[in-house]
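Presented below is the structure to which this report refers.
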Ligand SMILES: Cc1cc2nc3c(=O)[nH]c(=O)nc-3n(C[C@H](O)[C@H](O)[C@H](O)COP(=O)(O)OP(=O)(O)OC[C@H]3O[C@@H](n4cnc5c(N)ncnc54)[C@H](O)[C@@H]3O)c2cc1C
């Protein structure tokens, strides 16, 4: 499949040493399907533990969400931790909190350990901007709970004027600042993980879809168009792209692929840029069809989910640009130079899923659009799981993939939900 054009693809450092399509018979300790953060982090963990992994991707390293995302490295989940405390108890919520922070630390450690060139990782904080008073009240209440029940004193509530000064937008009534959050160049990060694997002698084959996988003897066998892999274990790391080819069939119905899109402005003049995103963090807003933005160079990158279907549409990108110019009227004359999108994997309970299909095969997926940090951690934990460890993965641990009921009607259902959320946002609820 074609490589998606994006600002990241245009600015990433080249990656040498990836093998072309796999041909003939290959052997490995662990076969990994998917060369995004999950698969790459798992392979690194396995190599560190002295095993011989082999990675294949139907397309290439970082071709999926890992090379196209917004680069916001966050401790957050789609579910709120106070909500988890109410539904599953405070101990479970505290463990989820710890895992969120461990995930961000994992990215920091991987970038540092492998000296990932061009990752441009900065622990700059995330400012969540409230679009109305009700949302601000809920953000403020959540910050209080984080302080009192989780002992997190780092979150700060910002006033309307502080939020306006920092973002350069009058659209918000206040916000909460989470310092333990960062930004990264997503494709350079993926390529850097791959470079570290290649340096360790781990083979990565691109243009190699896994057509089928089955148990054979004491291990597994993976079939590809021109070859096969015999391995002791298998990891499926296909996330929002799990319906690309047959081998991910057992996990396909666990996730609903949801298109997420980004646009980038042209480099802005220094005077204008100096008034926008002044602390150079990442920013997100509280509307249900959430938009987010961050700087890269002198550009604004602006993203969101919306009425995107199976593929990109000019109308959907135009809606995203309108949203950017509504929040930042000062960008009226600024050209948008890049538009791209990719698939995130939503789950029914908004929580990632990590588990084993049987004693030979594991899976990790369903990051609900916040997977840079969590996929980096869960890839490694899925590798541990395969080797017989029992890591405490809190709500993310599952005995089997939790499939979505009525999967066949997922696309109209996604459009229906998106439309309903847009309506609620429009009427300010
Ligand atoms: C536009 C966009 C913006 C986002 N912004 C953010 C953000 O700012 N912060 C954040 O934390 N998260 C963000 N995300 C989510 C984040 O990118 C993902 O959660 C994360 O990259 C998932 O990594 P992964 O390795 O599990 O999956 P992916 O990176 O999607 O990789 C899956 C790979 O599997 C391969 N594959 C699938 N089936 C097969 C098969 N049968 N055989 C071989 N290969 C196969 C695909 O080719 C693909 O390369 C965003 C996502 C998108 C799309």
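Some notes on this structure:
- When we screen 89, 39, 100, 60 for residues that are within 12 Å of the ligand (Cβ to nearest atom) and either free of Cβ contacts under 8 Å to residues at least 40 places away in the same chain or surrounded by 24 or more Cβ atoms within 10 Å (Cβ to Cβ) (or both), the only hit is 39.
- The stretch 266-296: number of residues that are modelled with pLDDT of 95 or more, away from the ligand (no atom under 16 Å from the Cβ) and either part of a helix (DSSP H, G or I) or touching a helix residue (DSSP H, G or I) at 6+ places or on another chain (Cβ under 9 Å) (or both): 10
- Residue satisfying all of: in the stretch 42-56; touching a strand residue (DSSP E or B) at 6+ places or on another chain (Cβ under 7 Å) and over 16 Å from residue 377 (Cβ atoms); nearest to the ligand (Cβ to nearest atom) among these: 56
- Enumeration of residues in the stretch 220-242 that are near the ligand (Cβ under 9 Å from one of its atoms) and not in a helix (DSSP H, G or I): 222, 224, 236, 237, 238, 242
Matching residues to (1) at pLDDT 95 or above; (2) closer than 26 Å to residue 276 by Cα:
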| residue | (1), (2) |
| --- | --- |
| 145 | no, no |
| 154 | yes, yes |
| 160 | yes, yes |
| 180 | yes, yes |
| 184 | yes, yes |
| 190 | yes, no |
| 195 | yes, no |
| 207 | yes, no |
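- Note on the stretch 199-227: among residues that are in contact with a strand residue (DSSP E or B) (Cβ under 6 Å, 6 or more places away or on another chain) and buried (at least 21 other Cβ atoms within 10 Å of the Cβ), the one that is farthest from residue 255 (Cα to Cα) is 202.
- Pairs where the first residue, in the stretch 363-374, is farther than 21 Å from residue 386 by Cβ and the second is more than 7 Å from the ligand (Cβ to nearest atom) and at pLDDT below 95, C-beta under 6 Å, 6+ apart: 368/78; 368/346; 368/350; 370/76
- Among the residues of the stretch 243-261, none is identified as under 17 Å from residue 356 (Cβ atoms), within 9 Å of the ligand (Cβ to nearest atom) and in a loop (DSSP other than H, G, I, E, B).
- Check on residue 97, touching a helix residue (DSSP H, G or I) at 6+ places or on another chain (Cβ under 8 Å) and in a loop (DSSP other than H, G, I, E, B): no
The rows are residues; the columns are (1) assigned to a loop (DSSP other than H, G, I, E, B); (2) out of contact with any helix residue (DSSP H, G or I) (no Cβ under 7 Å at 6 or more places or on another chain).
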residue: 8; (1), (2): no, no
residue: 26; (1), (2): no, yes
residue: 50; (1), (2): yes, yes
residue: 55; (1), (2): no, no
residue: 66; (1), (2): no, no
residue: 70; (1), (2): yes, yes
residue: 84; (1), (2): no, no
residue: 112; (1), (2): no, yes
residue: 115; (1), (2): yes, yes
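- Subset of the stretch 337-358 that is within 15 Å of the ligand (Cβ to nearest atom) and either part of a loop (DSSP other than H, G, I, E, B) or farther than 29 Å from residue 376 by Cβ (or both) - its residue that is farthest from the chain's Cα centre (by Cα): 357
- Residue within the stretch 303-315 that is farther than 29 Å from residue 252 by Cα and out of contact with any helix residue (DSSP H, G or I) (no Cβ under 7 Å at 6 or more places or on another chain) present: no
The values are calculated or read from the model by the stated rules, or taken from the named source; none is laboratory data. On a predicted model such as this, the values are computed, not experimentally measured, just so you know. Ideal geometry is used to build each Cβ from the backbone, glycine not excepted, and the neighbour counts take in all protein chains shown.
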